[in-house]
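Below: the structure, in structure tokens.
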Amino acid sequence: MKLETACIHAARDKSHSTGAVAVPIYQSATFAHPCVGQSTGYDYSRTQNPTREHVEKIVTALEGGAGACAFASGMAAIATLMELFVPGDEIIATDDLYGGSIRYFNEISVKNGIIIRYIDTSDIPAVKSAITDATKAIFIETPTNPMMKVTDIAAMKALIGDRDILLIVDNTFLTPYFCNPIALGADIVTHSGTKYLSGHNDTLSGFLVAKTPELAERLHYLKNAIGGVLSPFDAFLVTRGIKTLAIRMEKAQQNALVIAQWLKTQPKVTAIYYTGLPEHPSYALTRQQARGFGAMISFSAGSVEIAHNILNKTELILYAESLGGVETLITYPITQTHAAVPEAERLARGIDDRLLRLSVGIEAVEDILCDLERAIGR
Ligand SMILES: *Cc1c(COP(=O)(O)O)cnc(C)c1O
């Protein structure tokens with residue numbers, strides 16, 4: 001089954017007595033048992049719920065994993081994931097991670113005795129020299145947020161070899177439609193399903209997908225023990241969102257390429273970060289490990305005044321945090337997504353007061369360009 005078909009049909013339940021085409025919302029906290037020692041397969045909705053199980057099966061199929069767990073948000077997924085580790089464990093993490101992941105690692109994981117070493121994971125020798133006997137995982141985000149640096153997933157796997165180190169990939173930006181990290185060697189894939197998977201800026205969700213049944217079982221255990229699970233109604237919304245993932249990703253990417261090319265012609269724009277531009281340093285690597293480039297663009301305005309002008313003057317494009325929905329959003333990383341990152345660290349990574357990030361939506365590209373043109377001014 002092709003991916004775009006799997007988005008719609010991967011978890012169809014043929015045993016369903018009513019013939020319902022859409023998954024029912026099983027809004028039930030608990031499930032009655034037929035008799036002593038028997039279960040319908042469902043006991044209590046924190047452990048499992050049929051609507052949540054349905055979306056977990058779809059995401060498992062799309063990522064080519066052995067199993068998936070659905071959470072109330074991407075951060076709930078990452079928080080649960082971090083419970084795989086014990087005090088003293090070292091984790092190598094991409095230095096340009098989503099700000100919320102950095103906050104979690106620095107404020108919570110560190111308190112729990114886990115040592116996080118931030119490395120530019122696009123630099124393979126740097127990762128190699130950071131691995132120690134205590135390294136238990138390499139956590140990468142690719143392309144990164146917001147600087148669009150790309151990590152070679154298969155090269156990370158090759159570095160790990162047969163060592164007992166989990167390769168974890170946050171695949172939120174490319175989605176399984178464009179990239180399947182498990183096929184490239186990842187052990188666990190994380191998602192903020194709030195973004196492209198749901199796709200409509202209307203629900204939070206998160207996923208962990210495991211390569212092996214053993215790892216999937218361990219994650220299900222932690223999910224049930226910790227309890228940050230996806231509600232039945234939100235599971236229904238994510239299922240519905242995923243049905244149109246393929247056409248949304250294609251259209252958003254098509255728009256993003258046009259916008260990135262147009263930004264290049266703008267004298268008030270001094271730098272553009274989009275992996276789909278052939279001059280991007282990781283264009284070739286992206287083509288090698290992914291089927292597309294996605295629709296996230298960062299760019300630098302010539303001055304802080306120009307940056308503020310753009311944020312204040314766009315009308316169609318909404319000035320809002322988040323990404324991956326049908327609406328085009330513009331973000332100011334310095335005050336929004338990356339406000340929790342210490343200033344020195346932020347500046348070292350190029351996240352300054354002139355940097356803006358666009359999550360390109362699926363509107364007519366002419367309308368997005370018209371809005372940007374008016375906001376940037378001549
Ligand atoms: C948004 C995001 C998260 C966190 O997900 P929430 O659903 O907001 O909790 C994690 N990683 C990346 C790359 C994200 O964009």
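The values are calculated or read from the model by the stated rules, or taken from the named source; none is laboratory data. Predicted model, so just to flag it, every value in this text is computed and none were measured. As a convention, Cβ positions derive from the backbone with ideal geometry for all residues, glycine included, and neighbour counts pool all protein chains shown. The accessibility values were calculated without ligands, DNA or RNA, using every heavy atom of the protein model including side chains. Shrake-Rupley method; radii C 1.70, N 1.55, O 1.52, S 1.80 Å.
Here's a check for you: in the stretch 66-101, which residue that is within 8 Å of the ligand (Cβ to nearest atom), part of a loop (DSSP other than H, G, I, E, B) and not small (G, A, S) is nearest to the chain's Cα centre (by Cα)?
Our first condition is that a residue be within 8 Å of the ligand (Cβ to nearest atom); within the stretch 66-101, this holds for 73-78, 97-98, 100-101.
With part of a loop (DSSP other than H, G, I, E, B) added as a condition, the list becomes 73, 97-98.
Subset that is not small (G, A, S): 97-98.
Numbers: L97: 11, Y98: 9 Å.
Ranking the qualifying residues of the stretch 66-101, first place goes to Y98.
Taking only the stretch 199-225 into account, find how many residues are within 14 Å of the chain's Cα centre (by Cα) and either hydrophobic (A, V, I, L, M, F, W, C) or not in a loop (DSSP other than H, G, I, E, B) (or both).
5
Go through the stretch 158-185 and give me each residue that's open to solvent by less than 10 Å² (accessible area, probe 1.4 Å), assigned to a helix (DSSP H, G or I) and farther than 20 Å from K57 by Cβ.
Across the stretch 158-185, the qualifying residues are I160, F178.
Looking at D234, is it open to solvent by less than 20 Å² (accessible area, probe 1.4 Å), touching a residue at least 60 places away in the same chain (Cβ under 8 Å), among the charged types (D, E, K, R) and within 16 Å of the ligand (Cβ to nearest atom)? Give the derivation first.
On the way: open to solvent by less than 20 Å² (accessible area, probe 1.4 Å): no; touching a residue at least 60 places away in the same chain (Cβ under 8 Å): yes; among the charged types (D, E, K, R): yes; within 16 Å of the ligand (Cβ to nearest atom): yes.
Against the criterion (open to solvent by less than 20 Å² (accessible area, probe 1.4 Å), touching a residue at least 60 places away in the same chain (Cβ under 8 Å), among the charged types (D, E, K, R) and within 16 Å of the ligand (Cβ to nearest atom)), D234 does not qualify.
Do any residues in the stretch 192-216 that are over 23 Å from E321 (Cα atoms) have Cβ atoms under 6 Å from those of residues that are of a type in the set (D, E, K, R) and surrounded by fewer than 24 Cβ atoms within 10 Å (Cβ to Cβ), where the two are at least six apart or on different chains, and which pairs are they?
Within 6 Å, the pairs are K211/D187.
With without any contact (Cβ under 8 Å) to a residue 24 or more places away in the chain and closer than 19 Å to A284 by Cβ as the only criterion, which of D162, D133, D152, D123 stands out?
D123
Return the residue satisfying two criteria in turn: it lies in the stretch 186-195 and is within 8 Å of the chain's Cα centre (by Cα) and among the hydroxyl-bearing types (S, T, Y), and of such residues it is surrounded by the most Cβ atoms within 10 Å (Cβ to Cβ).
If we take residues in the stretch 186-195 being within 8 Å of the chain's Cα centre (by Cα) and among the hydroxyl-bearing types (S, T, Y), then S192 is surrounded by the most Cβ atoms within 10 Å (Cβ to Cβ).
Whether any residue in the stretch 104-113 is touching a strand residue (DSSP E or B) at 6+ places or on another chain (Cβ under 7 Å), β-branched (V, I, T) and more than 14 Å from the ligand (Cβ to nearest atom) is what I want to check.
yes
Does Y118 satisfy the condition of being of a type in the set (S, T, Y), away from the ligand (no atom under 12 Å from the Cβ), in the same structural domain as L208 (by TED's automatic domain parsing) and surrounded by 14 or more Cβ atoms within 10 Å (Cβ to Cβ)? Working first, answer last.
Working: of a type in the set (S, T, Y): yes; away from the ligand (no atom under 12 Å from the Cβ): yes; in the same structural domain as L208 (by TED's automatic domain parsing): yes; surrounded by 14 or more Cβ atoms within 10 Å (Cβ to Cβ): yes.
The answer is yes for Y118.
Given the structure, is V55 more than 30 Å from G113 (Cβ to Cβ) and within 16 Å of the ligand (Cβ to nearest atom)?
yes
Need a quick list: helices (runs of 4 or more DSSP H) entirely within the stretch 294-378 having at least 3 residues that are open to solvent by 60 Å² or more (accessible area, probe 1.4 Å) and more than 18 Å from T265 (Cα to Cα).
Values: elements: 304-313, 343-348, 365-376.
Of the helices (runs of 4 or more DSSP H) lying wholly inside the stretch 294-378, those with at least 3 residues that are open to solvent by 60 Å² or more (accessible area, probe 1.4 Å) and more than 18 Å from T265 (Cα to Cα) span 304-313, 343-348.
Go through the residues of the stretch 109-125 one by one and say whether even a single one is closer than 21 Å to D152 by Cα and basic (K, R).
Yes, the conditions are met somewhere in the stretch 109-125.
Would you confirm, using the coordinates I've provided, whether G276 is in contact with a Leu (Cβ under 7 Å, 6 or more places away or on another chain), within 16 Å of the ligand (Cβ to nearest atom), more than 28 Å from E83 (Cα to Cα) and of a type in the set (G, A, S)?
Against the criterion (in contact with a Leu (Cβ under 7 Å, 6 or more places away or on another chain), within 16 Å of the ligand (Cβ to nearest atom), more than 28 Å from E83 (Cα to Cα) and of a type in the set (G, A, S)), G276 does not qualify.
Kindly indicate whether any position in the stretch 332-343 is under 25 Å from L245 (Cα atoms) and within 15 Å of the ligand (Cβ to nearest atom). Before the answer, list the steps.
Restricting attention to the stretch 332-343, the residues satisfying the condition of being under 25 Å from L245 (Cα atoms) are 337.
The next check asks that each one be within 15 Å of the ligand (Cβ to nearest atom); those that pass are 337.
Within the stretch 332-343, one or more residues are under 25 Å from L245 (Cα atoms) and within 15 Å of the ligand (Cβ to nearest atom).
Take the conditions closer than 17 Å to P146 by Cβ and not assigned by TED's automatic domain parsing to the domain that holds F173 and apply them to A339. Does it pass?
yes
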